[in-house]
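Single-structure report; data block below.
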Amino acid sequence: MSLKAFHLVFVTVSAMLGLGFGAWAIADYRRSGSAGSLCWGVGSLAGTAALIVYGRWFLRKLKGVGYL
């Protein structure tokens, strides 16, 4: 597995985990009303959005480099 492929897998898995944690934190906020849960949820979803933008930028930058 090339460094490019590993990087893409790592960014994808990180984005999925961030999305899951953000959804869980928002659901916890809706149950408990805790402001901390809301902050964690919004921060996690913002980080997930940043990872998606970064992943797309990375793919465009290394378009000519193979996966193997």
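Numbers for the structure displayed
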quantity: Residues satisfying the stated conditions in the stretch 56-68, i.e. in contact with a His (Cβ under 9 Å, 6 or more places away or on another chain) and not in a loop (DSSP other than H, G, I, E, B); calculated: Phe58
quantity: Counted residues, the stretch 41-68 - those being under 15 Å from the mean Cα position of the chain (by Cα), farther than 23 Å from Tyr29 by Cα and open to solvent by less than 50 Å² (accessible area, probe 1.4 Å); calculated: 2
quantity: Hits in the stretch 20-40 - residues which are modelled with pLDDT of 95 or more and either on the phi > 0 side of the Ramachandran plot or open to solvent by 100 Å² or more (accessible area, probe 1.4 Å) (or both); calculated: Trp24, Arg30, Arg31, Trp40
quantity: Residues of the stretch 7-20 satisfying the condition of being within 17 Å of Trp57 (Cβ to Cβ) and more than 8 Å from the chain's Cα centre (by Cα); calculated: His7, Leu8, Val9, Phe10
quantity: Qualifying residue in the stretch 41-54 (condition: of a type in the set (S, T, N, Q) and either more than 25 Å from Ser2 (Cα to Cα) or not in a helix (DSSP H, G or I) (or both)); calculated: yes
quantity: Only listed residue being out of contact with any Gly (no Cβ under 6 Å at 6 or more places or on another chain), of a type outside the set (Phe, Trp, Tyr) and touching a residue at least 12 places away in the same chain (Cβ under 8 Å), chosen from Leu45, Leu51; calculated: Leu51
quantity: Verdict on Val9 being open to solvent by 80 Å² or more (accessible area, probe 1.4 Å) and in a helix (DSSP H, G or I); calculated: no
quantity: Cross-chain or 6+ apart pairs with Cβ under 7 Å, the stretch 8-19 first and over 9 Å from Thr48 (Cα atoms), then surrounded by 13 or more Cβ atoms within 10 Å (Cβ to Cβ) and of a type in the set (A, V, I, L, M); calculated: Val11/Leu51
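The values are calculated or read from the model by the stated rules, or taken from the named source; none is laboratory data. This one's a predicted model, so the numbers in the text were calculated from it and none came from an experiment. Please note: Cβ atoms are built from the backbone with ideal geometry, for glycine as well, and neighbour counts cover all protein chains shown. Quick note on the areas: whole protein, heavy atoms, side chains included, nothing else; ligands and nucleic acids left out. Shrake-Rupley method; radii C 1.70, N 1.55, O 1.52, S 1.80 Å.
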